[in-house]
Amino acid sequence: MMKPLHPLLKPVLALLGLTALGTASASVKPDWIETQNFNGKPATVYISNLADVVFDNTGEIIGWYIKQNPGTRLVDDKNGTPDFSKLIGEKGAINMVRTEQKTNGVTTVQSGRALVVALPGNTAPKTAKPVQLVRDVAHNLMQATFSYSQGAATVTKTVVLHPRQFNMQIDLNVTGSTGYDIRFDGLGRNATPAVKAIAAGTATLQSVGTTSNIQYAALQDNPSQTAHALIVRPRAGTTLNAVTAGGAAASITLNVSSAAASGPVKLDVYGGKNELIHLYQEGYTALPGLFQPNIFGQISLYVVKFMMWLYSFLHNWGLVILVLTVALRIVIWPLMQAQGRTTAKMQMVQPLLKEAQTTYKDDPQKLQAETMRLYREHNVNPAGCLSMFIPFPILIALYSTIRNFEFDQGLGWLPDLSLPDPFYILAVLYVLANLLQLYISTRKTPQMFKQQSFIYIIYLFFALTFPAGVTLYWIISTLIGAGQQYLINKQVERQMAGGLQRVEKVGGAAKVAAAGPQLSKTPQAGAQANKVLKTVKPATGNQKK
């Protein structure tokens with residue numbers, strides 16, 4: 001007759017088949033797609049891991065799709081023809097230049113545009129020239145040059161995009177016009193975005209209206225993983241005024257004076273997540289009043305700086321995550337030690353607590369007294385687990401930092417640490433590491449392990465969608481925690497092996513008996529031979545009343 005599976009093996013076997021579900025790739029190779037039929041119109045589409053941006057033949061942005069899950073491919077190939085239905089339907093992305101407005105319960109959708117050049121008094125039709133495209137993935141650079149004539153005027157837009165950034169660099173040249181405007185519509189589905197503008201050399205925020213000589217102008221959602229921001233910032237040598245509008249028709253309009261119109265206008269434009277780590281990596285957090293990080297954000301900034309410092313020595317982001325995680329676990333080791341000792345002691349006395357519950361099942365007061373006696377005599381402090389919450393701000397900040405950080409490397413089979421593992425191997429390893437830690441923490445109570453182990457199957461589905469860097473951090477941290485708990489368990493077992501006491505009922509009266517001076521080694525103990533408290537020896541001279 002076959003022996004039953006070890007309790008740790010059942011959930012492990014249930015996970016192994018999931019590795020076959022891995023996708024061929026969880027990343028999008030940056031590219032330009034030229035099409036004559038994007039929603040019935042000719043367009044040039046930029047695709048990347050973070051966003052897909054759609055330009056018409058004059059360089060106006062008619063679709064600015066920020067992906068909810070980086071690395072998701074939203075443009076499918078159907079028999080050699082690109083299928084844009086996911087983009088147009090916003091399945092897995094939000095179009096930043098599409099606005100919604102609800103009136104009497106009816107939602108009105110408006111198609112906005114960005115990078116629109118308005119020439120005052122010029123109503124002539126636009127005649128576009130062929131788009132010039134550059135693909136330089138090796139240097140993290142994609143470039144498009146759009147040029148068109150409008151009457152006597154000629155407009156040239158050069159757009160440089162970096163696949164690992166939300167930022168784009170824009171160089172604009174207009175000839176044959178005395179001044180012009182540049183308009184950016186937005187912000188997606190938010191009917192009331194925060195509107196900000198600040199003049200150069202000041203720290204005074206302005207909202208809706210005109211701001212002269214801007215340092216930047218911005219439309220922002222409330223900061224979150226699903227919030228977005230549109231930020232326009234003149235580069236050195238460019239002076240612009242801005243007119244900002246709020247509400248459902250929020251927009252930023254830049255005014256280029258006749259004096260400035262003769263030269264190139266250079267802009268940095270950020271269109272993406274309104275999230276601290278991305279803004280920091282792309283150089284926007286230094287702008288006054290743009291982003292006010294909370295305590296977790298402040299910690300995250302220190303973590304990012306420490307990561308970059310480590311990278312200057314290690315030159316490998318995988319090693320940076322390893323060193324960072326080990327360093328953090330060393331820092332919080334004493335706090336986790338206290339929590340681990342409480343967990344180990346609770347596991348040791350758990351069988352005695354169950355016996356007390358059986359003995360005093362009809363007497364709650366005596367049960368409470370016996371429970372407190374067990375805690376007191378075995379030096380168990382249930383509140384000791386509260387120490388595990390002290391390092392939470394650091395753990396949350398570290399998790400948030402790694403989750404949003406844009407790594408520029410892969411590791412092993414991982415093409416990019418900023419994206420989910422395409423073969424789900426890390427997700428499975430994460431669950432296995434947690435099952436190991438759970439087993440170490442509950443091995444005295446197998447029933448508890450069985451009850452809790454399948455919770456990690458649910459965790460698996462979350463792990464499948466997180467960046468590989470985050471999952472790698474979880475695995476390393478969990479394994480270190482499991483090792484620490486194992487050492488604590490051994491120490492606590494040695495300290496408590498001869499002093500555990502149980503409850504007996506003799507003639508209707510409760511007595512306390514020693515649970516035995518050492519672990520049972522008798523063959524009769526069978527599979528329970530290594531479990532303290534399962535074999536109780538007869539009371540001897542050390543019996544208490």
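How many angstrom separate the Cα center of region 330-380 from the Cα center of region 411-430? That distance is 40 Å. Straight distance only, please: which aspartates and glutamates reach the Cα of K86 with their own Cα at less than 13 Å, same-chain residues fewer than 8 apart left out? Straight-line reach from K86, under 13 Å: D52, D76, D77. In this simple spin-label approximation, Q365 and E34 carry label points 7 Å from Cα along the Cα→Cβ vector, and these lie 9.1 nm apart.
Fully extending the segment from N316 to Q452 would add 45.3 nm, taking 0.36 nm per residue of separation and subtracting the current Cα-Cα distance.
Where a ≥ b ≥ c are the square roots of the eigenvalues of the C-alpha gyration tensor, would you call region 118-256 rounded, which needs a/c under 1.5, or, failing that, prolate if a/b is larger than b/c, or oblate? It comes out oblate by the Cα gyration axes. Among residues other than Q220 whose Cβ falls under 13 Å from its Cβ, what is the net charge (Lys/Arg +1, Asp/Glu -1)? Once all neighbours under 13 Å are counted, the net charge is 0. Relative to the current alpha-carbon distance between T81 and M372, full extension at 0.36 nm per residue lengthens the span by 97.5 nm.
Each residue of region 130-144 was assigned a 3J(HN,Hα) from its phi angle through the Karplus curve 6.51 cos²θ - 1.76 cosθ + 1.60 (θ = phi - 60°); the sequence is x, 6, 9, 10, 10, 10, 10, 5, 4, 9, 6, 9, 10, 9, 9 Hz, with glycine and proline shown as x. Taking the fewest neighbouring Cβ atoms within 10 Å as the starting point, the ordered list for H278, H162, H139 is H139, H162, H278.
In a fully extended conformation the segment linking K266 and L487 would gain 73.5 nm over its present Cα-Cα distance, using 0.36 nm per residue. Taking amide H as placed 1.01 Å from N in the peptide plane, G63 has its amide H under 5 Å from the amide H of V54, each at least 5 places away in sequence or on another chain. Residues in region 393-408 carry Karplus couplings, in order, of x, 5, 5, 5, 5, 5, 4, 5, 5, 5, 4, 9, 6, 8, 7, 10 Hz; the curve used is 6.51 cos²θ - 1.76 cosθ + 1.60 with θ = phi - 60°, and Gly or Pro positions show x. If R0 is 22 Å, the Cβ-Cβ spacing of V326 and L301 corresponds to a FRET efficiency of close to 0.55.
Descending by average beta-carbon neighbour count within 10 Å, the peptides 441-448, 117-124, 64-71 line up as 64-71, 441-448, 117-124, the highest first.
Converting phi to 3J(HN,Hα) with the Karplus coefficients 6.51, -1.76 and 1.60 and the offset θ = phi - 60°, region 327-337 yields 4, 5, 5, 5, 5, 8, 3, x, 5, 6, 5 Hz in sequence order, with x at every glycine or proline. Looking at this model, which pairs from K78/K196; K361/K444; K29/K126; K41/K157; K29/K305; K67/K196 are more than 31 angstrom apart at the alpha-carbon? Going by Cα-Cα distance, K78/K196; K29/K126 fall outside the 31 Å limit.
Where a number appears in this text, it was derived from the coordinates with a stated rule and is not lab data. Values in this document were obtained by computation on a predicted structure and should not be read as measured data. When we count neighbours, we look across all protein chains shown, and the Cβ atoms used for this are built from the backbone with ideal geometry, even at glycine.
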